[in-house]
Protein chains: 2
Amino acid sequence: MASGDEQVMRNKQVILRAYVTGFPKESDMQLRTTSTITLKLPQGSTGVLVKNLYLSCDPYTRTQMQHSDTPSSFRTLTPGSPITGFGVAKILESGDARFKQGDLVWGLTGWEEYSVINATKIESLFKIKNTDVPLSYYTGILGMPGLTAYAGFYEVCSPKKGERVYISAASGAVGQLVGQFAKLSGCYVVGSAGTKEKVDLLKNKFGFDEAFNYKEEPNLDAALKRYFPEGIDIYFENVGGKMLDAVLLNMRFRGRIAVCGMISQYNLEKPEGVHNLMSVIYKEVRIQGFGVLNYYHLYEKFLETVLPAIKEGKITYVEDVVEGLESAPSALVGLFTGRNIGKQVVVVSQE
Amino acid sequence: MASGDEQVMRNKQVILRAYVTGFPKESDMQLRTTSTITLKLPQGSTGVLVKNLYLSCDPYTRTQMQHSDTPSSFRTLTPGSPITGFGVAKILESGDARFKQGDLVWGLTGWEEYSVINATKIESLFKIKNTDVPLSYYTGILGMPGLTAYAGFYEVCSPKKGERVYISAASGAVGQLVGQFAKLSGCYVVGSAGTKEKVDLLKNKFGFDEAFNYKEEPNLDAALKRYFPEGIDIYFENVGGKMLDAVLLNMRFRGRIAVCGMISQYNLEKPEGVHNLMSVIYKEVRIQGFGVLNYYHLYEKFLETVLPAIKEGKITYVEDVVEGLESAPSALVGLFTGRNIGKQVVVVSQE
C-alpha cells in the first residue's frame, strides 16, 4: 500500500506515562523524540492530517489524566499515548470535504508535531476564517476558553445590568473574558487571583471594579462580604472547595452559579467537603454545571461579538506563551501552582 | 377604646423558649395555658382574627428556631413568642375586604387557639373554597407542601416521560406527592424512607416503582446504582448530606436536582461536607433551590389539577394526625426522628 511519495517525519510527542494521582508532575509526562509519522492519510481515511502549531494548556486536562469509572463529556487520556487537547493546526491532507490542504483549524488535537484526527473527532474542528488576529488566540479568546466564557456567562448566568458578579481564577483563560463580558453588560465585577501581579492585571488591564489575592485572605467569607456587602448575583466558578463554600454564604436571592471548573479540587484524592449548600434553599440559588461542547452552535454568533470587540480594543487578552513541545509538561503543571499569567499557550511550530 | 361586647378568651399557645441548637427537644417549646386574647380586632386593623383549626408540622420550622444572621425568605422565630407555621383557620373577624367572618383559610398562622394575622402577613392566606375534602388537607396536599411538590416537580425539574426520578424522605408531606406526580408523568420512580412501614407505603399505596429503607443500606451509592443502573435524571432533594453526595455520583447527563429541603442537616452545628460536586461539571447537572412562596401564583392551577385527582382516587395522601396543641411539640420533634408516617398534622379544634 505504501507509495513512493510518502514522507516519513520525526513526530515529537508528549506522552502520558501513567495515570496521575495528586498534583501532576512533569515526570507524569514524557517527551518522546523517537516517534515518526508517515505524512499521508491512510487510504480511504475520512479524517485529516494536521501539523500542530499552538497547543492549549487547560485545567480540565488534569481530570483526564486519572482513571475514571464515571462517564464524562470528554474521554479520559490513555497512558502510553500522547496527551490530547485543544490546539491550532494546519491541514496537510484532508479526507473530509469540509477541509482542504492549507486550511487553519482549531479543535481537539494531540500534543505532538503532527496528528491524524480521525473522522469521529473531526466534528470538534473549526476552520479559522479570520487570520488578522494572533493565531494563538484560537487556543484561547477565540477558541474553547472564549466560547466557554461566552456561553457560561451569557447563556448559563443570564446576567442583567447592574448585577454583582464574582469570578474566581479570574485572570485565567476563561476568567479574564468573563469579567470583561460582565463589564460590557453593565455589571459590578470582582475577581480573585493568586498573586499581586494578577490582581493588578484584573484591575488595570481587564477593567474589573475590584480584585483581591485570595492567598492573602485568611477568611474568604469576610473578603467576599467586603467586596459584596449586598451579596453576589452571579458567581462564575472556576475553583471549588473552600471558595465555593464561602461564596454560598454570600449569594443573593435567586443568584446563579455557573460551574465551569473546580481547579482547587482536581489534584485531591478526595475532594473537599462543601458545607454551606443549605444556602441554596433559602436563597433559591441555581448551581449549573456546563460544558462548552453543547454550545458549539453559538460559535459563529460568538465570533461576531468578540472579533470586533478585539479589533476595537474593547476586549483584551493576556497570554502566557512558551516555546516548544518540550515546554508543554511544565506549562501544564504550572496551571496548578498558578505560575501562568493569563492563557497558557505552547508554540509547537510557527508554521 | 374597649367596648362592652369584647370577649376575653383563654388562648393556649406553644411558645419557643429559646433558640435551639442541635436536635430540637420538646422542652425547647412550652405550652402556655395562661394567655388570654380579646376576641376583637384592634380598632382600624386591616388584619384578621382567626380561630386555628389545624396546624402543620414542617421540617423548615427547625431552621427558624435558631438565631440567624443571614436573610431568609421566611422570618426567624422569636423566643418567648408562639411558634408560627402553616395552618387552617376560621375567620372570626376581618379588617380586609377579601375575607369575611366564617371564611375558612389556610396560610401562616400561630401555634395557639386564636391568632391575629396582621396586614403584612395576610398575603399568605388563601380562602378555602372546596370543603368536600378533609379540611386538614389544606395543611398538606392542598396547602404549602402540595404546592411545593407541584412547583418543585413540574416547574423546577421539567420532567419528561420515561425519565428516572429519585425522591428522598419520600413518604413525607411533599415526597409522597412528588412520587405520585412523577408516576402520572410516566416516569420511573424510586423513593427512600427510614422504616419498613414507610417503604411499604411507597410501593403499595403511592405506586412508586421501587422503594428502599436508607437505614438498611450501608452504601448509599451502591443502593442507588441498584435501583438506577443507568443513573438518575431527576432528584427531588429533601435530605442533604450523605444522601446528596451519593446521588451526585449517580446523576445522568443534564440531570436536575430540585432542592426542597435538607432535613438531615437542620440539627447539625456544622452541616456535613458534600464532596462530589465535581459531578456537576462533567454531567452538566443543575442544582436548583426553590421556595414555595414564589409559586403562589400557580395555586389555582394546582388546585384544578389536584382536586379532581383526589376525588377520582388518582392521588392519595397519608396524614399523621395528633390531637391538641399540647401534642404539637412532640409532633414537631418527631419529624426529625422520622416518627411520623405521612404528613404531620395537629388538630387544634374541630371548629
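The values are calculated or read from the model by the stated rules, or taken from the named source; none is laboratory data. Owing to the predicted nature of the structure, the values given are computational and were not obtained by experimental measurement. Note that each Cβ is placed from the backbone with ideal geometry, even for glycine, and that neighbours are counted across all protein chains shown.
Conditions tested, residue by residue: (1) within 22 Å of the chain's Cα centre (by Cα); (2) among the hydroxyl-bearing types (Ser, Thr, Tyr); (3) modelled with pLDDT of 95 or more; (4) closer than 29 Å to A:Leu201 by Cβ.
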| site | (1), (2), (3), (4) |
| --- | --- |
| A:Glu272 | no, no, yes, yes |
| A:Phe290 | yes, no, yes, yes |
| A:Tyr299 | yes, yes, yes, yes |
| A:Leu303 | yes, no, yes, yes |
| A:Glu326 | yes, no, yes, yes |
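Scanning the stretch A:232-271 for residues that are out of contact with any Leu (no Cβ under 9 Å at 6 or more places or on another chain) and over 26 Å from A:Tyr295 (Cβ atoms) yields A:Phe253, A:Asn267, A:Leu268, A:Glu269, A:Lys270. If you go through the stretch A:9-39 and keep only what is in contact with an Asp or Glu (Cβ under 8 Å, 6 or more places away or on another chain), part of a loop (DSSP other than H, G, I, E, B) and in contact (Cβ under 8 Å) with a residue 60 or more places away in the chain, you end up with A:Asn11, A:Lys12, A:Arg17, A:Ala18, A:Thr21, A:Gly22, A:Ser35, A:Leu39. When A:Leu293 is tested against (1) under 30 Å from A:Asn250 (Cβ atoms); (2) within 14 Å of chain B (Cβ to nearest Cβ), only condition (1) is not met. Of all the criteria given as (1) at pLDDT below 95; (2) outside the structural domain of A:Asn340 (by TED's automatic domain parsing); (3) of a type outside the set (D, E, K, R), the one not satisfied by A:Thr195 is (1).
Residue by residue, here is whether (1) modelled with pLDDT of 95 or more; (2) under 15 Å from B:Ser81 (Cα atoms); (3) in the same structural domain as B:Leu268 (by TED's automatic domain parsing) holds:
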position: B:Gln13; (1), (2), (3): yes, yes, no
position: B:Thr21; (1), (2), (3): no, no, no
position: B:Lys25; (1), (2), (3): yes, no, no
position: B:Asp28; (1), (2), (3): yes, yes, no
position: B:Arg32; (1), (2), (3): yes, yes, no
position: B:Gly44; (1), (2), (3): no, no, no
position: B:Leu49; (1), (2), (3): yes, no, no
position: B:Asn52; (1), (2), (3): yes, no, no
position: B:Leu55; (1), (2), (3): yes, no, no
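Taken together, the criteria exclude A:Ser124 from residues that are over 21 Å from A:Arg17 (Cβ atoms), surrounded by 19 or more Cβ atoms within 10 Å (Cβ to Cβ) and among the polar types (S, T, N, Q).
One residue alone among B:Gly289, B:Gly241 is free of Cβ contacts under 8 Å to residues at least 60 places away in the same chain and under 15 Å from B:Cys157 (Cβ atoms), and that residue is B:Gly289.
Among strands (runs of 3 or more DSSP E) entirely within the stretch A:85-182, having at least 3 residues that are closer than 28 Å to A:Leu31 by Cα and in contact (Cβ under 8 Å) with a residue 60 or more places away in the chain singles out A:114-117. Taking the criterion of being on the phi < 0 side of the Ramachandran plot, outside the structural domain of B:Val50 (by TED's automatic domain parsing) and charged (D, E, K, R), would at least one residue in the stretch B:84-103 satisfy it? Checked the stretch B:84-103: no residue is on the phi < 0 side of the Ramachandran plot, outside the structural domain of B:Val50 (by TED's automatic domain parsing) and charged (D, E, K, R). Would you confirm whether or not the stretch B:215-229 contains a residue that is closer than 17 Å to B:Gly338 by Cβ, buried (at least 22 other Cβ atoms within 10 Å of the Cβ) and among the hydrophobic types (A, V, I, L, M, F, W, C)? Within the stretch B:215-229 (the criterion being closer than 17 Å to B:Gly338 by Cβ, buried (at least 22 other Cβ atoms within 10 Å of the Cβ) and among the hydrophobic types (A, V, I, L, M, F, W, C)), the answer is no, since none of the residues qualifies. Tally time: how many residues in the stretch B:227-241 are in contact with an Asp or Glu (Cβ under 9 Å, 6 or more places away or on another chain) and either facing chain A (nearest Cβ under 10 Å) or assigned to a helix (DSSP H, G or I) (or both)? Adding up the residues that qualify gives 3. For the residues A:Leu244, A:Leu298, A:Leu303, A:Leu307, the requirement of being within 9 Å of chain B (Cβ to nearest Cβ) and either among the hydrophobic types (A, V, I, L, M, F, W, C) or closer than 16 Å to A:Val178 by Cα (or both) singles out A:Leu244. Has the stretch B:250-273 got any residue that is under 15 Å from B:Asp233 (Cβ atoms), part of a strand (DSSP E or B), among the charged types (D, E, K, R) and without any contact (Cβ under 8 Å) to a residue 40 or more places away in the chain? Yes, the stretch B:250-273 contains a residue that is under 15 Å from B:Asp233 (Cβ atoms), part of a strand (DSSP E or B), among the charged types (D, E, K, R) and without any contact (Cβ under 8 Å) to a residue 40 or more places away in the chain. The numbered conditions (1) at pLDDT 95 or above; (2) in a loop (DSSP other than H, G, I, E, B); (3) over 21 Å from B:Ala89 (Cα atoms) are all true for B:Tyr317 except (3). Taking the stated definitions as given, is B:Tyr317 more than 14 Å from chain A (Cβ to nearest Cβ), buried (at least 19 other Cβ atoms within 10 Å of the Cβ) and either of a type in the set (Phe, Trp, Tyr) or touching a Ser or Thr at 6+ places or on another chain (Cβ under 6 Å) (or both)? So B:Tyr317 fits the description; yes. Selection of the stretch B:250-272 for residues being surrounded by fewer than 19 Cβ atoms within 10 Å (Cβ to Cβ), at the interface with chain A (Cβ under 9 Å from one of its Cβ atoms) and either of a type in the set (A, V, I, L, M) or in contact with a helix residue (DSSP H, G or I) (Cβ under 9 Å, 6 or more places away or on another chain) (or both) yields B:Phe253, B:Arg254. For B:Glu284, only one of the following conditions fails: (1) among the acidic types (Asp, Glu); (2) on the phi < 0 side of the Ramachandran plot; (3) facing chain A (nearest Cβ under 7 Å). What is its number? B:Glu284 satisfies all of (1) among the acidic types (Asp, Glu); (2) on the phi < 0 side of the Ramachandran plot; (3) facing chain A (nearest Cβ under 7 Å) except (2).
Residues in the stretch B:81-121 that are of a type in the set (Ser, Thr, Tyr), crowded, with 19+ Cβ neighbours inside 10 Å and more than 25 Å from B:Lys301 (Cβ to Cβ): 4 in all. Residues of the stretch A:290-314 that are in contact with a strand residue (DSSP E or B) (Cβ under 9 Å, 6 or more places away or on another chain) and either more than 30 Å from B:Ser279 (Cα to Cα) or assigned to a helix (DSSP H, G or I) (or both): A:Asn294, A:Tyr296, A:Tyr299. Within the stretch A:207-226, how many residues are within 14 Å of chain B (Cβ to nearest Cβ) and aliphatic (A, V, I, L, M)? Residues in the stretch A:207-226 being within 14 Å of chain B (Cβ to nearest Cβ) and aliphatic (A, V, I, L, M): 2 in total. Whether a residue is within 9 Å of another protein chain (Cβ to nearest Cβ) and either free of Cβ contacts under 8 Å to residues at least 40 places away in the same chain or basic (Lys, Arg) (or both) was assessed, and B:Ser279 passes this test.
State yes or no: is A:Leu77 touching a residue at least 24 places away in the same chain (Cβ under 8 Å) and in a strand (DSSP E or B)? For A:Leu77, the condition - touching a residue at least 24 places away in the same chain (Cβ under 8 Å) and in a strand (DSSP E or B) - is not met.
Of the residues making up the stretch B:274-289, those that are hydrophobic (A, V, I, L, M, F, W, C), buried (at least 22 other Cβ atoms within 10 Å of the Cβ) and not in a helix (DSSP H, G or I) are B:Val274, B:Leu277, B:Val285, B:Ile287. Just for the stretch B:1-52: of the residues that are charged (D, E, K, R) and out of contact with any strand residue (DSSP E or B) (no Cβ under 8 Å at 6 or more places or on another chain), which one is surrounded by the fewest Cβ atoms within 10 Å (Cβ to Cβ)? Among those residues, the one meeting the criterion is B:Asp5.
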